[in-house]
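Asks: Here it is, the structure in full.
Every number here is computed from the coordinates shown, using simple stated rules; none is lab data. If you're wondering where the values come from, they're calculated on a predicted model, not measured in any experiment. Cβ sites come from the backbone with ideal geometry, for glycine too, and all protein chains shown count toward neighbours.
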Amino acid sequence: MGKATLSGKGRRWVLGGHPWIYRDDIAGGEAESGELIQVEDPAGNSLGWGLFSSTSKIALRLVTRQPVQPKREFWLERVQRAVQARERMGFLNPRGACRLIAADADRIPGWIVDLYGTTAVVQSSIQGSDRMRDFLVELLEAALPFKLDCIVDRSDSSVRRFEDLDSRVEILKGQVTEGLEVHEDDLVYEVDVLNGHKTGHYLDQRLNRQLAAREAQGKRVLDAFCYDGLFGVRAAMAGAEDVLCLDQSGPAGERVLRNAERNGVAHKLRFEKANCMQALRNLKSEGHSFDIAIVDPPAFARNRREISGAERGYVELNRRALALLEAGGLLVSASCSYNVRASAFVKFLASAGRLAERDVWLEELRGASPDHPQLLAVPETAYLKCAFLRAL
């Protein structure tokens, strides 16, 4: 069984509360890839147990600070705690959708489970969760209060390359339902769990979509980087007069239109396949304007080296969106880049307002839906920023 001894700096880091241990802070020891190993301080005292990576800069992720080795009961309790939390939130529904397990935030490092009805999509991003995959799937089925008809492994995220892991998409149980539908209160939408973004959908914007739709009655709405169009569909359901959805993905656009049809709003929602940044410029030059604009782009900064480029992108994108808004209009602007902190994102938005020559109020700055919890000891779990801005 493997073991790692930390340096004095590593010990201080662990005692500070963060469960990630970087390779430079390991003084000695040996372990297999993905192994659960004991972690000790320089004097040989136990600091807990963690999952080891042989390639990542994050060499260890602590799962417990207790000296006793975690066994099946330990991991089952972790899974049950995550399931019970979603049940308390009102999100555990065999017809609905939620993030059931949120990796480090639920203290199961590298392991994500999204639930779409009775289909579960699992995603592993580190060597430890890969090694434990089948075991964790077994615990998932044991902890749920209803039977899963299908389990899909969508371990195809780009972060796996840091762990020297290949991309993997595999059906572990059952068959994927074509045109899989889930219900989110009164909203019905389609999920492509095999080919869609992430695990098939962006569950983290659930409550932000509802808030954005509250003042949509009689309004003209722009939903840029719309993916499956749920910001726009929500707005149309809330009484928007006209909704324009933009995305560069043709298959996503087809889902947008099907989702609009499902919810009875196809007559007031349009989709255009477009480069959103260029499309915003074109809409302005053609004299279009909107009462509500939503811009929810993919991550502009996937690491710290990309922050300066991300700043230029966010400023220009939001400048163009603000230029399209009528006086008193609402801009809903999101960033899912963890490396862009909330304070920096607000500064980018202020720069966009100055360049657009608009006074802008920040009415609310929100994060992800509560089924994507933020673990305070791991600030990396607070990645989503969604700003509600009033353009004067």
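Asks: So what is the calculated 222 nm ellipticity per residue for the chain, using -39500 (n - 2.57) for each DSSP H run with n of 4 or more, over all residues, to the nearest 500 deg cm²/dmol? Can you show the working numbers first?
Replies: Values: 10 runs with 111 residues, N = 392.
The per-residue figure over the chain is -8500 deg cm²/dmol.
Asks: Could you tell me which of rounded, prolate or oblate describes the range 3-64, using a ≥ b ≥ c as the square roots of the eigenvalues of the alpha-carbon gyration tensor, with rounded for a/c under 1.5 and, failing that, prolate when a/b is larger than b/c and oblate otherwise? Write down the numbers at each step before the final one.
Replies: Details: a/c = 1.39, a/b = 1.30, b/c = 1.07.
Taking the square roots of the gyration eigenvalues as a ≥ b ≥ c, the range 3-64 is rounded.
Asks: Assuming R0 = 41 Å, can you tell me the calculated FRET efficiency for the pair residue 282 and residue 194, based on Cβ-Cβ distance, to the nearest 0.05? Numbers along the way, then the final one.
Replies: Details: r = 33 Å, r/R0 = 0.82.
Calculated transfer efficiency: 0.75.
Asks: Can I ask one more? Please state the shape class of the range 85-132: rounded when a/c is under 1.5, otherwise prolate if a/b exceeds b/c and oblate if not, all from the C-alpha gyration tensor.
Replies: Working: a/c = 3.78, a/b = 1.76, b/c = 2.14.
Oblate.
Asks: So, one more: Gain in length, residue 9 to residue 24, computed as 0.36 nm per residue apart minus the alpha-carbon separation, to one decimal in nm? It would help to have the intermediate numbers written out before the result.
Replies: Numbers: separation 15, 0.36 × 15 = 5.40 nm, distance 0.93 nm.
Stretched fully, the residue 9-residue 24 segment lengthens by 4.5 nm.
Asks: State the extension gain, in nm to one decimal, for the chain segment bounded by residue 355 and residue 342, taking 0.36 nm per residue of separation less the distance between their alpha-carbons. The partial results should precede the final answer.
Replies: Working: separation 13, 0.36 × 13 = 4.68 nm, distance 2.01 nm.
2.7 nm is the gain from fully extending residue 355 to residue 342.
Asks: While we're looking at this one, here's another question. Looking at this model, which pairs from 57/198; 173/385; 198/385; 3/71 are more than 25 angstrom apart at the alpha-carbon?
Replies: Working: 57/198 23 Å; 173/385 35 Å; 198/385 18 Å; 3/71 17 Å.
Pairs exceeding 25 Å: 173/385.
Asks: Still on this model: What is the order of 77, 163, fewest Cβ neighbours within 10 Å to most?
Replies: Numbers: 77 13, 163 21.
Lowest to highest Cβ neighbour count: 77, 163.
Asks: What distance in nm separates the two pseudo spin-label positions at residue 164 and residue 249, each 7 Å out from Cα along the beta-carbon direction?
Replies: 3.2
Asks: Given a Förster radius of 51 Å and the C-beta distance between residue 72 and residue 272 as r, what FRET efficiency does 1/(1 + (r/R0)^6) yield to the nearest 0.05?
Replies: Working: r = 52 Å, r/R0 = 1.02.
Once rounded, the FRET efficiency stands at 0.45.
Asks: When only DSSP loop residues count, what chymotrypsin sites (Phe, Trp or Tyr not before Pro) in the range 114-173 have their Cβ near at most 16 other Cβ atoms within 10 Å?
Replies: Working: sites: 116, 135, 146, 162; in loops: 146.
Hits after loop and neighbour filter: 146.
Asks: Just report the Cα centroid separation between the range 111-152 and the range 1-80, whole Å.
Replies: Rounded to whole Å, the Cα centres lie 24 Å apart.
Asks: Pulled fully out, how much extra length does the chain show between residue 207 and residue 392, if you take 0.36 nm times their separation in residues and subtract their Cα-Cα distance?
Replies: 64.1 nm
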